[in-house]
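Here the structure is laid out as structure tokens; the discussion comes afterwards.
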Amino acid sequence: MNERHVALIVEDDKETALDLRQILRSCDCDSVVVDNHHDALAALQNKTFCFVLLDLQIKSEAESIKGHIDHGKALLRKIREKYGDHHGTAFWLPVIIVSGFAREVDEAVDVMKDGASDVIQKPLENRQVAQHVRQALEASGRKMHERCQQLPPAQTPNLTNG
């Protein structure tokens with residue numbers, strides 16, 4: 001059994017994805033990186049993650065040329081539709097938005113209304129990312145990875161249908 005938290009990183013900038021992966025590794029977390037909406041849904045369907053780091057401006061599919069903020073927002077809504085279980089006041093599956101758009105107050109408020117657990121502004125600071133991840137996991141009642149193995153009973157992992 002894996003003893004480390006596992007994150008899904010959804011980021012289409014390779015350098016930023018590598019930075020996030022290294023930051024998480026320093027926090028003793030494993031990660032899977034995808035660069036688009038479609039592959040993120042497939043990853044969530046096929047693997048259990050402890051939390052998600054989501055850039056808002058992502059591509060729709062791997063073959064897409066350019067990312068758009070609407071794809072990230074749609075992915076957040078889809079995740080919350082299927083993984084909306086709460087632990088107290090926090091979501092069981094934290095989704096932390098990592099975006100340059102987070103500086104715009106309206107965008108940050110919108111994603112929080114759509115179910116984001118937290119928002120981190122780019123450019124990234126290692127300590128800030130690590131702190132937000134720890135806070136999100138603690139708020140969801142899963143500071144220790146063993147709790148991640150206990151999925152909520154209402155969990156519905158089918159993301160591709162509906």
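The values are calculated or read from the model by the stated rules, or taken from the named source; none is laboratory data. This one's a predicted model, so the numbers in the text were calculated from it and none came from an experiment. A quick note on method: Cβ atoms are made from the backbone with ideal geometry, for glycine too, and the neighbour counts reach across all protein chains shown. With ligands, DNA and RNA removed, areas are computed over all heavy atoms of the protein, side chains included. Shrake-Rupley method; radii C 1.70, N 1.55, O 1.52, S 1.80 Å.
So which of Lys14/Lys122; Lys73/Lys113; Lys14/Lys113; Lys78/Lys122; Lys78/Lys113; Lys73/Lys143 end up more than 21 Å apart, counting from Cα to Cα?
Details: Lys14/Lys122 14 Å; Lys73/Lys113 11 Å; Lys14/Lys113 28 Å; Lys78/Lys122 23 Å; Lys78/Lys113 13 Å; Lys73/Lys143 26 Å.
Long pairs (Cα-Cα over 21 Å): Lys14/Lys113; Lys78/Lys122; Lys73/Lys143.
Do any GluC sites (Glu not before Pro) in the range 51-136 lie in a loop, going by DSSP, with at most 15 other beta-carbon atoms within 10 Å of their beta carbon, and if so which?
On the way: sites: Glu61, Glu63, Glu81, Glu104, Glu107, Glu125; in loops: Glu61, Glu63, Glu104, Glu125.
Answer by residue number: Glu61, Glu63, Glu104, Glu125.
Please give the Cα centre distance for the range 111-125 versus the range 31-99, rounded to the nearest Å. One Cα centre to the other: 12 Å. Computed with every protein chain present, the accessible area of Asp30 is close to 50 Å² [probe 1.4 Å]. Semi-axes of the equivalent ellipsoid of the chain are 21, 18, 16 Å, computed as sqrt(5λ) over the eigenvalues of the C-alpha gyration tensor in descending order. The portion of the accessible surface of the chain made up by carbon and sulfur, rounded to a whole percent, is 49 (1.4 Å probe; DNA, RNA and ligands excluded).
Quick check: with the 1.4 Å probe, what order do Lys143, Lys78, Lys14 take by accessible area, largest first?
Accessible-area ranking of Lys143, Lys78, Lys14, largest first: Lys14, Lys143, Lys78.
Solvent-accessible surface of protein heavy atoms, probed at 1.4 angstrom with all chains present, puts Leu124, Leu44 in the order Leu124, Leu44, largest first.
Using 0.36 nm per residue and subtracting the Cα-Cα separation, the extra length available between Val105 and Glu15 on full extension is 29.8 nm. For the chain, the solvent-accessible area with a 1.4 angstrom probe is 52 square angstrom per residue. Simple point charges give the picture: +1 on the Cβ of Lys and Arg, -1 on the Cβ of Asp and Glu, and for the chain a dipole about the Cα centre of about 420 debye.
Could you tell me the relative contact order of the chain? Use alpha-carbon pairs under 8 Å, at least six residues apart, and round to a whole percent.
Details: 288 pairs, mean separation 36.7, N = 162.
Across the chain, relative contact order equals 23 percent.
Helical content alone sets the calculated 222 nm signal of the chain at -11500 deg cm²/dmol, taking -39,500 (n - 2.57) per DSSP H segment of four or more residues and averaging over every residue. Placing pseudo-labels 7 Å out from each Cα toward the beta carbon at Ala130 and Lys66 gives an inter-label distance of 3.8 nm.
In the complete set of protein chains, residue-level accessible area for Arg147 is approximately 90 Å², probe 1.4 angstrom. With each label modelled as a point 7 angstrom along the Cα→C-beta vector, the Lys143-Ser26 pair spans 2.2 nm.
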